[in-house]
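Colleague: Dropping the structure in here first, questions after.
The values are calculated or read from the model by the stated rules, or taken from the named source; none is laboratory data. Quick caveat: nothing in here was measured; it's all calculated off a predicted structure. We place every Cβ from the backbone using ideal geometry, glycine too, and count neighbours over all the protein chains shown.
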Amino acid sequence: MTPLDAAGVLRANWREGVRRDGTRFAFTCPAPRRYKHQWYWDSCFHAVAWSRVDPARAREELRTLVRAGRSDGFVPHTAFWQASPRWRRAPLYATARVLGDAATSSIQTPLLAVAWERAAAEDRTFIAEGLAPLAAHARWLARERDPDGDGLITIMLPDESGLDDSPKYDAVYGRLAHWRPGHARLVQRCRRARWSARTYVAGCDEHVEDVLVNVAHALSLRALFRMSGDVEWAERASRVETALLERCWDPRRGLFFDLAGRHERRVEVSTWSSLAPLALGDALPRDVRERLAEEHLLNPRRYGARFGVPSVSMEEPSFRPGFDAFRTWRGAAWTCTAWLLAGGLRALGAADEADRLAHNALDAIARSGLREYYHPRTGAGHGEHRFGMSALALDLPRGFDPAGPGV
């Protein structure tokens, strides 16, 4: 795989036009055969990759994502720009109605401000353009998705984290899990609650204060602070980071765990989400980050695989890294995980280890092309071909920086 290959995939997956209501769109579909719509965190990663080859497209991608949302700050998990899902798939999408919606009513891992800051580079005009919608989005998440006011936002569906079928959700959702037939019932339950997290969480235990989602939220708040200079966002970020440390950190195991249900029980399954706070950099105590890195991420028995970062610890019984038509986050390695966690290692001063992790992920891409995900032990590619998110390979040598790109 060369930079030219990755740029070619981004260009081949680019879609632009005008929706029936006159709204213009321009975005990168994740994979032309299967994933034809615009997905929130995919677009954030696409924008980071585009920033390396065509910053103008990076900015258009993010503008389109904001246009898919509402003036109150809600930004959807999935936007259907060209056509709504057909009747076979429509009941499974997290929409307000079964048919006819232009976007889902669900959220996804909120990395928008992180991507906006990277896409902006030195363009102060683009930064200024984003301040109002980014602030509205951050406030919407805190207002609508933190019903207990503890600083941690809640997801209602497993796929709101992007980790749809991770084994960490099995015990929480049971027969309603993303990969099981009962998932349609879960979506319908959310519709009956009118997608209000406050209404939904009051009556059931199938919801999660998700570590990865809250890490992304804190990272975006930090990015918003750097772009705006408004101390409000630094204070909000600090509150999220403190809540993660005080409520999700398990000093016995040296991992962060999600909190599930009304009683907020810890979901003690070791997935890469448990390591995601490493990406917060200096916002966390150094000894906590060192434990995440040394005891887990770099440990060859747990996450130190030859080809990227497994999405589940290799010691977990649920570690299943090969291809499965319905389950993809049960051990396979994804390019975005290497991108985030290598950045966390560099912030810790472990530059050689970060470079090695990035190199291992690039090795898998060189062997198998831009695939959806990879076997962490063999480098074999699985899932979709020409997968846009894997174009993050363009940015792996530079990588994510918790301190920001220095706008």
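Colleague: Among the residues of the stretch 309-335, write down those that are touching a Phe, Trp or Tyr at 6+ places or on another chain (Cβ under 6 Å) and under 14 Å from Ala354 (Cα atoms).
Modeller: Val309 - this is the single residue of the stretch 309-335 that is touching a Phe, Trp or Tyr at 6+ places or on another chain (Cβ under 6 Å) and under 14 Å from Ala354 (Cα atoms).
Colleague: Considering only residues that are surrounded by fewer than 21 Cβ atoms within 10 Å (Cβ to Cβ), in contact with a helix residue (DSSP H, G or I) (Cβ under 9 Å, 6 or more places away or on another chain) and not in a helix (DSSP H, G or I), look in the stretch 107-127 and name the one that is modelled with the highest pLDDT.
Modeller: Asp123
Colleague: For Arg301, work out the one condition from (1) free of Cβ contacts under 8 Å to residues at least 40 places away in the same chain; (2) of a type outside the set (A, V, I, L, M); (3) part of a helix (DSSP H, G or I); (4) under 19 Å from Arg377 (Cα atoms) it doesn't fulfil.
Modeller: So the condition that Arg301 fails would be (3).
Colleague: Just for the stretch 218-234: of the residues that are in contact with a Lys or Arg (Cβ under 9 Å, 6 or more places away or on another chain) and either in contact (Cβ under 8 Å) with a residue 40 or more places away in the chain or assigned to a loop (DSSP other than H, G, I, E, B) (or both), which one is surrounded by the fewest Cβ atoms within 10 Å (Cβ to Cβ)? Please lay out each step first, then the result.
Modeller: Restricting attention to the stretch 218-234, the residues satisfying the condition of being in contact with a Lys or Arg (Cβ under 9 Å, 6 or more places away or on another chain) are 218, 221, 223-225, 233-234.
Pick out the ones that are also either in contact (Cβ under 8 Å) with a residue 40 or more places away in the chain or assigned to a loop (DSSP other than H, G, I, E, B) (or both) and you get 218, 221, 223-224, 233.
Details: Ala218: 28, Leu221: 27, Ala223: 26, Leu224: 27, Trp233: 22.
Ranking the candidates gives Trp233 first.
Colleague: Conditions: (1) surrounded by fewer than 15 Cβ atoms within 10 Å (Cβ to Cβ); (2) assigned to a helix (DSSP H, G or I). Arg289 meets all but one. Number of the miss?
Modeller: Every condition holds for Arg289 apart from (1).
Colleague: From Arg291, Arg286, Arg301, grab the single residue that is basic (Lys, Arg), farther than 25 Å from Leu370 by Cα and touching a Gly at 6+ places or on another chain (Cβ under 6 Å). Talk me through it step by step, then tell me what you get.
Modeller: Working: Arg286 fails: touching a Gly at 6+ places or on another chain (Cβ under 6 Å); Arg301 fails: touching a Gly at 6+ places or on another chain (Cβ under 6 Å).
Only one candidate qualifies: Arg291.
Colleague: Assess whether Phe256 counts as being out of contact with any Lys or Arg (no Cβ under 6 Å at 6 or more places or on another chain), of a type in the set (Phe, Trp, Tyr) and either within 25 Å of Asp159 (Cβ to Cβ) or modelled with pLDDT under 95 (or both). Talk me through it step by step, then tell me what you get.
Modeller: On the way: out of contact with any Lys or Arg (no Cβ under 6 Å at 6 or more places or on another chain): yes; of a type in the set (Phe, Trp, Tyr): yes; either within 25 Å of Asp159 (Cβ to Cβ) or modelled with pLDDT under 95 (or both): yes.
Considered against the rule, which asks whether it is out of contact with any Lys or Arg (no Cβ under 6 Å at 6 or more places or on another chain), of a type in the set (Phe, Trp, Tyr) and either within 25 Å of Asp159 (Cβ to Cβ) or modelled with pLDDT under 95 (or both), Phe256 comes out as yes.
Colleague: Next question. If you check Pro133, Pro147, Pro91, which single one turns out to be modelled with pLDDT under 95 and either under 16 Å from Val213 (Cβ atoms) or outside any loop (DSSP other than H, G, I, E, B) (or both)?
Modeller: Numbers: Pro133 fails: modelled with pLDDT under 95; Pro147 fails: modelled with pLDDT under 95.
Result of the check over Pro133, Pro147, Pro91: Pro91.
Colleague: Can you tell me how many residues within the stretch 29-78 are under 24 Å from Leu396 (Cα atoms), of a type in the set (Ser, Thr, Tyr) and at pLDDT 95 or above?
Modeller: 3
Colleague: If you don't mind, another one. Considering only the stretch 166-207, how many residues are acidic (Asp, Glu) and crowded, with 20+ Cβ neighbours inside 10 Å?
Modeller: Our first condition is that a residue be acidic (Asp, Glu); within the stretch 166-207, this holds for 170, 205-206.
Right, trim to crowded, with 20+ Cβ neighbours inside 10 Å and you get 206.
Number of matching residues: 1.
Colleague: Same structure again: Can you pull out every residue in the stretch 269-282 that is within 26 Å of Ala223 (Cα to Cα) and surrounded by 22 or more Cβ atoms within 10 Å (Cβ to Cβ)? Walk me through how you get there before you give the answer.
Modeller: The first filter runs over the stretch 269-282 and keeps only residues within 26 Å of Ala223 (Cα to Cα), leaving 271-282.
Thr271, Trp272, Ser273, Ser274, Leu275, Ala276, Pro277, Leu278, Ala279, Leu280 - these are the residues of the stretch 269-282 that are within 26 Å of Ala223 (Cα to Cα) and surrounded by 22 or more Cβ atoms within 10 Å (Cβ to Cβ).
Colleague: When the residues of the stretch 150-167 are narrowed to those that are in a helix (DSSP H, G or I) and either at positive phi or not small (Gly, Ala, Ser) (or both), which ends up farthest from the chain's Cα centre (by Cα)?
Modeller: Of the stretch 150-167, the ones in a helix (DSSP H, G or I) are 158-161, 167.
Add one more test, that the residue is either at positive phi or not small (Gly, Ala, Ser) (or both), and what stays is 158-160, 167.
Numbers: Pro158: 12, Asp159: 10, Glu160: 9, Pro167: 17 Å.
Among those that are in a helix (DSSP H, G or I) and either at positive phi or not small (Gly, Ala, Ser) (or both), it is Pro167.
Colleague: Name the residue that is surrounded by the most Cβ atoms within 10 Å (Cβ to Cβ), counting only residues in the stretch 355-389 that are among the aromatic types (Phe, Trp, Tyr) and closer than 12 Å to Ala333 by Cα.
Modeller: Taking the stretch 355-389 as the starting set, the residues that turn out to be among the aromatic types (Phe, Trp, Tyr) are 373-374, 387.
Cutting the leftovers down to closer than 12 Å to Ala333 by Cα gives us 373-374.
Details: Tyr373: 28, Tyr374: 30.
Step by step, filter the stretch 355-389, then rank; the result is Tyr374.
Colleague: Out of the stretch 12-28, which residues are farther than 21 Å from Gly100 by Cβ and either part of a loop (DSSP other than H, G, I, E, B) or at pLDDT below 95 (or both)?
Modeller: Asn13
Colleague: Out of Arg52, Arg63, Arg70, I need the residue that is among the basic types (Lys, Arg) and surrounded by fewer than 18 Cβ atoms within 10 Å (Cβ to Cβ). Which one?
Modeller: Details: Arg52 fails: surrounded by fewer than 18 Cβ atoms within 10 Å (Cβ to Cβ); Arg63 fails: surrounded by fewer than 18 Cβ atoms within 10 Å (Cβ to Cβ).
Answer to the check: Arg70.
Colleague: Now for a separate question. Being outside any helix (DSSP H, G or I) and either modelled with pLDDT under 95 or surrounded by 24 or more Cβ atoms within 10 Å (Cβ to Cβ) (or both) is the filter here, so list the residues in the stretch 331-354 that pass it.
Modeller: Going through the stretch 331-354, the residues outside any helix (DSSP H, G or I) turn out to be 331-334, 348-350.
Gly331, Ala332, Ala333, Trp334, listed by residue number.
Colleague: Moving to a separate point now. Would a scan of the stretch 47-65 turn up a residue that is under 16 Å from the mean Cα position of the chain (by Cα), in contact (Cβ under 8 Å) with a residue 24 or more places away in the chain and not in a helix (DSSP H, G or I)?
Modeller: No, every residue in the stretch 47-65 fails to be under 16 Å from the mean Cα position of the chain (by Cα), in contact (Cβ under 8 Å) with a residue 24 or more places away in the chain and not in a helix (DSSP H, G or I).
Colleague: Tally the residues that are aromatic (Phe, Trp, Tyr), out of contact with any helix residue (DSSP H, G or I) (no Cβ under 7 Å at 6 or more places or on another chain) and surrounded by fewer than 21 Cβ atoms within 10 Å (Cβ to Cβ), restricting the search to the stretch 15-39. Talk me through it step by step, then tell me what you get.
Modeller: Step one: of the stretch 15-39, the residues aromatic (Phe, Trp, Tyr) are 25, 27, 35, 39.
Then drop every residue that is not out of contact with any helix residue (DSSP H, G or I) (no Cβ under 7 Å at 6 or more places or on another chain), which leaves 35, 39.
Okay, now just the ones that are also surrounded by fewer than 21 Cβ atoms within 10 Å (Cβ to Cβ), so 35.
Qualifying residue count, the stretch 15-39: 1.
Colleague: Here's another thing I want to ask about it. Considering only the stretch 138-149, I want to know if a residue exists there that is over 30 Å from Arg194 (Cβ atoms), out of contact with any Pro (no Cβ under 9 Å at 6 or more places or on another chain) and touching a residue at least 60 places away in the same chain (Cβ under 8 Å). If you could, list the steps in order and put the result at the bottom.
Modeller: Pass one, the stretch 138-149, residues over 30 Å from Arg194 (Cβ atoms): none.
Among the residues of the stretch 138-149, not one is over 30 Å from Arg194 (Cβ atoms), out of contact with any Pro (no Cβ under 9 Å at 6 or more places or on another chain) and touching a residue at least 60 places away in the same chain (Cβ under 8 Å), which makes the answer no.
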